[in-house]
Amino acid sequence: MPFVENIRNYRSLSIVGLEKNTGKTVCLNYLLGRLHQLGISTAVTSIGVDGEQVDSVYATAKPEIKLYEGMQFITSERHYEQRRLVSDILNVGELRTALGRLVTARVLCPGKILLSGAATTALLRRQIEQFRLHNVQLTVVDGALSRLSLASPTVTDAMILATGAAVSPNLQQLISRTRFVYRLINLPEVDNALRAKLAHIPSGLWAVDSEQEVHDLGIASVFLLGKGEDNLFRFGTTLFAAGAVSDRLLKYLAAQPSIRDTKLIVRDFTKLFVTQETYAEYTRRGGTLMMLQRSRLVAVCLNPTSPQGYTLNSAEACQQLSDALQCPVYDVMQCRQP
């Protein structure tokens, strides 16, 4: 998979899936093997638990995570004790989780590991920074379940998106859902000057006037529009939502006479909790969505098999999805490009 070469340009990478069983661990194992071959010093961690042998929901066999000599990793005390590799402990954290303290170690002899890492993205960011300080070239974060928040550019520099038959047995529905997320990931960015003014605003709904001056609308959250709706456009039709954005705000904006002039800026795509239908209606009416910072998507991978037992035609699925996204799509089960 040629995208591995592009990963050299980043210091951290997340692997996230649209659903469980979309091939994140298979993709991770392929990536770790290639990084080892290329001699890139690598650290690995996870949010939640990943690498278990049996799926906790479907009771089906799952691939385990294989680490190579020299790689560093973080996991809980309980899962460190269960490791099937030889390693040297570098640090035992003071913070205690449900599975014990978090252990940072270096692999001496390759083998299998169960990863259970940071419980929050804030802790994950600190761990990534610690790896950087210890001259790790790339930190790979394997996302448990479908936590797209790991792909925020405030957490990792780049991301791999995993999709597949577990999202839907219907190929057209799979393509539709994946294309929607792909479009959100690739929303256009604001210019550097405006980003600098908005980046440190922690919360609330703000306005940006024609001179790119920023104004507090006094609305603490988009979920609390209330009476503030009447004065929403007093500084113009460009708005910045510092936190999460739901269907409610997009529906409200789509219903306004000034919708064709309306521009909504969000921090990044992981802050958008909107349905495909609401997004489509907002853009159809002429509304614009932009981001402070775009997540750098380096690859889209597809798992043609589902834990329920159905399998998509790999070549057809990869080709049709690639055509819909206008980018390469890789079958993680066969490690090939369509």
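Some observations on this one:
- Antiparallel bridge percentage (DSSP; both residues within the chain; nearest 5): 45
- Residues in the stretch 147-169 that a label on Ala315 would reach, taking backbone N under 20 Å of a point 7 Å out along Cα→Cβ: 165
- Stretch gain in nm, segment Glu277-Ser221, where the contour uses 0.36 nm per residue and the Cα spacing is subtracted: 17.9 nm
- Charge tally for Met291 (other residues, Cβ to Cβ under 14 Å; Lys, Arg +1; Asp, Glu -1): +4.
- Taking Phe3, Phe131 and counting other C-beta atoms within 10 Å, the order from fewest to most: Phe3, Phe131
- Overall, the chain carries a charge dipole of about 260 debye about its Cα centre when +1 sits on the Cβ of Lys and Arg and -1 on the Cβ of Asp and Glu, all other atoms neutral.
- Within the shell of other residues whose beta carbon sits under 15 angstrom from the beta carbon of His200, the net charge comes to +1, with Lys and Arg scored +1 and Asp and Glu -1.
- Residues Leu38, Leu292, ranked from the fewest to the most other C-beta atoms within 10 Å, line up as Leu38, Leu292.
- Stretched out straight at 0.36 nm per residue, the stretch from Ala119 to Ile201 would grow longer than its current Cα-Cα span by 27.1 nm.
- Pairwise FRET efficiency - Arg284 versus Lys112, Cβ, R0 = 51 Å, nearest 0.05: 0.55
- Gained length - Glu129 relative to Ala193, 0.36 nm times residue gap less alpha-carbon distance: 20.4 nm
- Shape parameters for the chain, alpha-carbon atoms, Rg then Dmax in Å: 21.3, 65
- Neighbour net charge for Pro188 - beta-carbon separation under 15 angstrom, K R +1, D E -1: +3
- Globularity index of the stretch 192-291, i.e. its alpha-carbon radius of gyration over 2.2 N^0.38 Å: 0.97
Each reported figure results from applying straightforward, stated rules to the coordinates on display, with no laboratory input. Keep in mind that what you see is a predicted model, and the values were worked out from it rather than measured. Backbone-built Cβ (ideal geometry, glycine too); neighbour counts: all protein chains shown.
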